[in-house]
Amino acid sequence: MIITNKHKKCVVEHIRGSDKKIYYRVWRSGEFEVNEIPPLEDDGSILLHVDTLLRVTDEVETNVPKKISRNDETYTMGYEIKDGFEITHSGSYESLLGQ
């Protein structure tokens, strides 16, 4: 299944810096491939593993310090879709591309 965010600017990337602090990036949109729908969190959001990411587009906000971001001293812990999501395709990404 392909899951996308229902509203713009609702995909949050959770990042751990080399300083052990947690940071974030907000993306305008994202696509994730999952085998099953993740459970809803108490606030209605869903959490997605890094390996499910197909693509994100247009970074709109971040609190990652430039010196950390510039030196690639971060790693992505996971993604969160807030304020609703849609299932845009029920097959695999490869079948969507016709492969």
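Just so it is clear, none of the values below were taken in a lab; they were calculated from the coordinates. Computed from a prediction, not measured in an experiment: that's the story for all the values here. Ideal geometry is used to build each Cβ from the backbone, glycine not excepted, and the neighbour counts take in all protein chains shown.
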Mean separation of Cα contacts under 8 Å, 6 or more apart, over the residue count of the range 15-55: relative contact order %: 35
Show me, for the range 23-34, the HN-Hα J-couplings you get by feeding each phi into the Karplus relation (A = 6.51, B = -1.76, C = 1.60, θ = phi - 60°), rounded to Hz, glycine and proline as x. 10, 8, 10, 9, 10, 5, 8, x, 10, 9, 9, 10
Please list, in order along the range 38-44, the HN-Hα scalar couplings obtained from phi with the Karplus expression 6.51 cos²θ - 1.76 cosθ + 1.60 (θ = phi - 60°), rounded to whole Hz, x for Gly and Pro. x, x, 6, 6, 4, 8, x
Built amide H within the under 5 Å cut-off of Tyr23, gap 5+: Ile15, Arg16, Gly17
Could you list Tyr75, Tyr23 so that the one with the fewest beta carbons within 10 Å of its beta carbon is first and the one with the most is last? Tyr75, Tyr23
Given Cα pairs under 8 Å that are at least 6 residues apart, what percent is the relative contact order of the chain? 42
Which one of Leu53, Val34, Thr76 has its Cα pushed farthest toward the positive end of the charge dipole of the chain, where Lys and Arg give +1 and Asp and Glu give -1 at the Cβ? Thr76
What's the extension gain from Asn63 to Ile22 if we count 0.36 nm per residue and subtract their Cα-Cα distance? 13.8 nm
Neighbour-count ranking for Tyr24, Tyr79 (other C-beta within 10 angstrom, fewest to most) reads Tyr24, Tyr79
Residue-wise HN-Hα coupling along the range 6-22, computed from phi with Karplus coefficients 6.51, -1.76, 1.60 (Hz; x: Gly, Pro): 6, 10, 5, 6, 10, 9, 10, 9, 9, 10, 9, x, 5, 7, 6, 7, 9
Nearest-20 debye value, the chain charge dipole, Cβ charges on Lys, Arg, Asp, Glu: 520
Return the lysines within reach of Lys67: Cα separation strictly under 23 angstrom, same-chain partners fewer than 8 residues apart disregarded; answer none if there are no such residues. Lys20, Lys21
